[in-house]
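Have a look at the structure below before the remarks.
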Amino acid sequence: MMPVPLQPMASLSVDQLAIESNPDLFEAPSIVFFNKALATSLGISNENVNFFAAQDIPDSAKTMAQAYAGHQFGHFNPMLGDGRAHIIGDIIDANQRTYEFGFKGSGATPFSRGGDGKAALGPMLREVLISEAMHALGIATTRSVAVVKNNQVVFRDPPQPRAVLTRIASSHIRVGTFQFFAARGLHKSVEQLCEYCLARHFPNVEIEANTQHNALTLLQEVVKRQAALIAQWMSVGFIHGVMNTDNMLIGGETIDYGPCAFMEAYNPNAIYSSIDQHGRYAYINQPGVAQWNLSRFAETLLPAIHDDKDKAIILATEAVQSFSNEYDIAFREQMRTKLGIADTVTEKECDVIISKWLNLLKENELDFTRTHRLLGTAIASPNQFLESLPEQNRAGLNEWLQHWRSHVSDLVDQAALEKVNPALIPRNHLVEDALKKAWQDNDYSLFNELLESLKTPFTTPGNHQFMLAAPAGFDDKHVTYCGT
Ligand code: AMP
Ligand code: MG
């Protein structure tokens, strides 16, 4: 029986966007994660374990690997593509939203470039925890539908059971998809892709017969959406870790939970990725990197934007430069909300309060999430707030609190601030513990408890341990690895 009411993949008249490729055999799968709420909203009623192992795919659905290029750590690779993922088509949810439905770790494809096409259980469970936490925090993201594993060993360090993750995304079209076509001089395809992306991801925007209008409009819209997304990342201390252009989706969802992490003590230079030796993707660099990626996106659109190259460059540059302002506005609004600052406070004053606050967090090495969460108590009692922080980490805060309180909206109280400052993020030490127990000991109790709590991050969790920072020394040494 076909468990998913699949539509054929929306027909893109772009050559070579995807090629047919069959998933690997995946013997004796067992299901270790099933997102019932999400599956139900997608019209999937049963946990068909074989299907979630990318087996028994109905003949009516073609399995495909998408082609893309991308700048990885700044270096252009003209041929990347899905090396271990298969997309089987579009699926429409209960709210009439369309998603691409696919599998990760489902086997080698023509784009595998020597990789084994497989995924290990730990990293797939990690993607579940982080992506579902992001979703619950209100941040656009790909979603995790199911994970299956079997007893086959994938040779990673350390070796782990093999797994397949079922994932949905509003589409998997990324900056790297545009780069793939542009690098081959397929400018007509780029124009078609522009139209397709506008219709799919920006339905409120009008598409015109005029390709110049479409390309420039798409660029402007993607700039705005990325600015909003990165501002949200920054407001929860999320560090993506591998912001290559092939990991930036045109639809504006967060994708690819490889070496990502949530920051604990506020440190603008925080890096967690084992492969990011030079801190290219450090926390504070993320807005700049997003803009850099958008410049690469803009380059692919130049021939579509204007026949006159100089004019195209002027128009595209203006659009990409608008990112800075869009980001500043979005980040200020995030922080204004987190700090409960009244709407009447000018942008300039607001920025002063925010930057002093972040500076104090940094100098006092305060936990980013916990300190924001506790700040609500300072509305009624600054002393109560101060006393909840370690004595040696309060320098300068009293003065800031007095200033801040005189700018807080009358409408804001502790409860209001708790609605916008999460109690819970997927803390690295908890995630590592939960994953280890799950894949090493086959004990999913911590994984399930953590996942359940992460679904309501603004509610104080029953397990208070989940709110605490990592044990001393853990965070300094912690590194995360590319999703292998
Ligand atoms: P990522 O770092 O996950 O964005 O992946 C970068 C590229 O490497 C993509 O083209 C992936 O499909 C490919 N890739 C990652 N892991 C594997 C693997 N185990 N086998 C084949 N390709 C892979
Ligand atoms: Mg990727």
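The values are calculated or read from the model by the stated rules, or taken from the named source; none is laboratory data. All values reported here derive from a predicted model rather than from experimental measurement. Neighbour counts run over all protein chains shown; Cβ positions are idealised from the backbone, glycine included. The protein model used for the area step is the full one, side chains on, heavy atoms only, and it has no ligands, DNA or RNA in it. Shrake-Rupley method; radii C 1.70, N 1.55, O 1.52, S 1.80 Å.
Suppose we keep only residues that are part of a loop (DSSP other than H, G, I, E, B) and more than 10 Å from ligand 1 (Cβ to nearest atom) within the range 225-242. Which one would you say is surrounded by the most Cβ atoms within 10 Å (Cβ to Cβ)?
Of all residues in the range 225-242, those part of a loop (DSSP other than H, G, I, E, B) come to 237, 240-242.
This time we only want the ones that are more than 10 Å from ligand 1 (Cβ to nearest atom), so: 237, 240.
Values: Gly237: 21, His240: 25.
Top of the filtered list is His240.
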Run Pro123 past the list (1) within 15 Å of ligand 1 (Cβ to nearest atom); (2) open to solvent by 20 Å² or more (accessible area, probe 1.4 Å); (3) in contact (Cβ under 8 Å) with a residue 24 or more places away in the chain; (4) more than 30 Å from Gln232 (Cα to Cα) and report the number of the one that doesn't hold.
(4)
Of all residues in the range 439-450, how many are under 23 Å from the mean Cα position of the chain (by Cα) and crowded, with 21+ Cβ neighbours inside 10 Å?
2
Taking the range 90-115 as the region of interest, how many residues are within 12 Å of ligand 1 (Cβ to nearest atom) and assigned to a loop (DSSP other than H, G, I, E, B)?
10
Pick from the range 63-86 the residues that are of a type outside the set (A, V, I, L, M, F, W, C) and part of a loop (DSSP other than H, G, I, E, B): which of them is nearest to ligand 1 (Cβ to nearest atom)?
Gly83
Could you please give the count of residues in the range 59-81 that are open to solvent by 10 Å² or more (accessible area, probe 1.4 Å), out of contact with any helix residue (DSSP H, G or I) (no Cβ under 9 Å at 6 or more places or on another chain) and of a type outside the set (Ser, Thr, Tyr)?
6
Of the listed residues (Ala416, Ala472), the one being in a loop (DSSP other than H, G, I, E, B), more than 20 Å from His135 (Cα to Cα) and small (Gly, Ala, Ser) is Ala472
Considering only the range 321-358, how many residues are more than 27 Å from Asn393 (Cβ to Cβ) and within 21 Å of the chain's Cα centre (by Cα)?
8
Check off (1) open to solvent by 30 Å² or more (accessible area, probe 1.4 Å); (2) closer than 26 Å to Glu365 by Cβ; (3) within 16 Å of ligand 1 (Cβ to nearest atom) for Ala265 and give me the number that stays unchecked.
(3)
